[in-house]
Ligand code: NAI
């Protein structure tokens with residue numbers, strides 16, 4: 001029987017994993033995030049299972065090695081929060097490379113529809129018996145240009161959805177895919193041509209703050225920016241400035257630069273101390289969701305299935321097909 005410490009868990013995580021607990025695995029579910037302060041909770045465990053806002057730095061990995069924990073199983077696709085250099089030779093790291101690209105792509109389209117047709121405002125209005133349409137004018141998505149940055153699994157799925165709306169699809173990706181249904185071009189060209197820009201690339205050292213003052217300046221006036229990838233792809237102050245000046249007409253953010261201590265938690269009885277986030281939330285043309293894009297039943301069960309397979313492969317000494325190696 002192997003003991004696995006699950007960090008940063010919520011009810012939906014426990015529900016999707018619990019059926020795999022039994023003869024082979026003893027799952028210990030913690031609400032705490034994995035970080036230098038909490039890593040001691042993994043002592044006496046054989047592996048840890050972590051998520052997007054855990055902080056798996058060198059110290060955490062050194063401690064895990066000391067405790068004899070040989071595996072960090074990420075129950076997500078992204079791994080920008082793991083110090084892979086420090087993990088090398090110490091602890092193996094696996095992930096779930098694909099679970100439901102549809103979940104994230106559909107959420108991105110949901111944000112576009114909501115922002116464009118101002119559904120969030122209409123919902124509030126009619127609940128208040130205000131049936132006025134003033135200020136709710138949107139535009140047809142048909143024939144508008146959507147620029148997709150990152151045309152991997154999610155980006156391509158999003159492109160297919162946009163195709164269904166009759167949009168003109170353009171993309172930028174250093175590794176072009178034949179399965180992408182749009183036209184590739186340089187990043188600068190994409191920025192200048194897109195009515196809507198949607199980010200679908202992973203966060204790397206090279207593309208941190210890809211959306212910044214300079215890149216916003218290259219965009220069309222009235223552009224929509226959608227980010228369902230990682231918060232640090234956007235320099236938030238530049239986005240706020242763009243929104244204030246009207247250069248950016250709307251933003252849909254499922255991720256946020258400083259989300260780590262805020263997202264996934266209920267602070268409805270408290271004052272949010274992050275003024276930038278408060279400013280964004282106060283804007284009528286901004287939608288913030290709390291890293292929710294992955295959250296479908298299908299995605300949760302696929303995440304659990306692949307994570308358990310990763311654990312089984314590790315403990316039975318099989319090849320780790322989902323290992324992250326640098
Ligand atoms: P993927 O690995 O299939 O595709 C990523 C693509 O981005 C690749 O084609 C890669 O060449 C490209 N890329 C890398 N650097 C780039 C750059 N600087 N500019 C343009 N393209 C670049 O990954 P997948 O499954 O499509 O996921 C994409 C990202 O979505 C993940 O890395 C993760 O950050 C995010 N994500 C967010 C979720 C959420 O709930 N909001 C859930 C799942 C993933």
Out of the residues in segment 278-303 meeting the condition of being over 30 Å from residue 97 (Cβ atoms) and free of Cβ contacts under 8 Å to residues at least 40 places away in the same chain, tell me which one is surrounded by the most Cβ atoms within 10 Å (Cβ to Cβ). 279
Of all residues in segment 167-186, count the ones that are in a loop (DSSP other than H, G, I, E, B) and more than 8 Å from the ligand (Cβ to nearest atom). 9
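Just name the residue that is surrounded by the fewest Cβ atoms within 10 Å (Cβ to Cβ) out of those in segment 180-189 that are more than 20 Å from residue 101 (Cβ to Cβ) and over 22 Å from the mean Cα position of the chain (by Cα). Break it down into steps so the answer makes sense when it comes.
Looking only at segment 180-189, we keep the residues that are more than 20 Å from residue 101 (Cβ to Cβ), and these are 183, 185-189.
Those left that are additionally over 22 Å from the mean Cα position of the chain (by Cα): 183, 185-186, 188-189.
Details: 183: 13, 185: 15, 186: 9, 188: 11, 189: 15.
Per the criteria, the residue is 186.
One residue is enough: does segment 98-108 have a residue meeting the conditions within 16 Å of the ligand (Cβ to nearest atom) and more than 30 Å from residue 326 (Cβ to Cβ)? Step through it out loud before you land on a result.
If we filter segment 98-108 for residues that are within 16 Å of the ligand (Cβ to nearest atom), which is where we start, we get 98-108.
Filter again for more than 30 Å from residue 326 (Cβ to Cβ), leaving 106.
Checking segment 98-108: at least one residue is within 16 Å of the ligand (Cβ to nearest atom) and more than 30 Å from residue 326 (Cβ to Cβ).
Yes or no: segment 126-148 includes at least one residue that is within 13 Å of the ligand (Cβ to nearest atom), closer than 23 Å to residue 182 by Cα and either assigned to a helix (DSSP H, G or I) or at pLDDT 95 or above (or both).
Taking segment 126-148 and keeping what is within 13 Å of the ligand (Cβ to nearest atom), we get 147-148.
Filter once more, so that each one left must be closer than 23 Å to residue 182 by Cα: 147-148.
Checking which are either assigned to a helix (DSSP H, G or I) or at pLDDT 95 or above (or both) leaves us with 147-148.
Yes, segment 126-148 contains a residue that is within 13 Å of the ligand (Cβ to nearest atom), closer than 23 Å to residue 182 by Cα and either assigned to a helix (DSSP H, G or I) or at pLDDT 95 or above (or both).
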Every residue from segment 200-232 that is within 9 Å of the ligand (Cβ to nearest atom) and surrounded by 24 or more Cβ atoms within 10 Å (Cβ to Cβ): 200, 227, 228, 229, 230
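How many residues are touching a residue at least 40 places away in the same chain (Cβ under 8 Å) and touching a strand residue (DSSP E or B) at 6+ places or on another chain (Cβ under 7 Å) when one looks only at segment 47-68? Walk me through it before giving the result.
Looking only at segment 47-68, we keep the residues that are touching a residue at least 40 places away in the same chain (Cβ under 8 Å), and these are 47-55.
Applying the additional criterion that residues be touching a strand residue (DSSP E or B) at 6+ places or on another chain (Cβ under 7 Å) yields 47-50.
Total meeting the criteria: 4.
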What is the one condition in (1) in contact with a strand residue (DSSP E or B) (Cβ under 8 Å, 6 or more places away or on another chain); (2) within 12 Å of the ligand (Cβ to nearest atom); (3) under 20 Å from residue 250 (Cβ atoms) that residue 162 does not satisfy? (2)
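The values are calculated or read from the model by the stated rules, or taken from the named source; none is laboratory data. Just so we're clear, the structure is a prediction, and the values are computed from it rather than from any experiment. Positions of Cβ are backbone-derived with ideal geometry, glycine not excepted, and every protein chain shown enters the neighbour counts.
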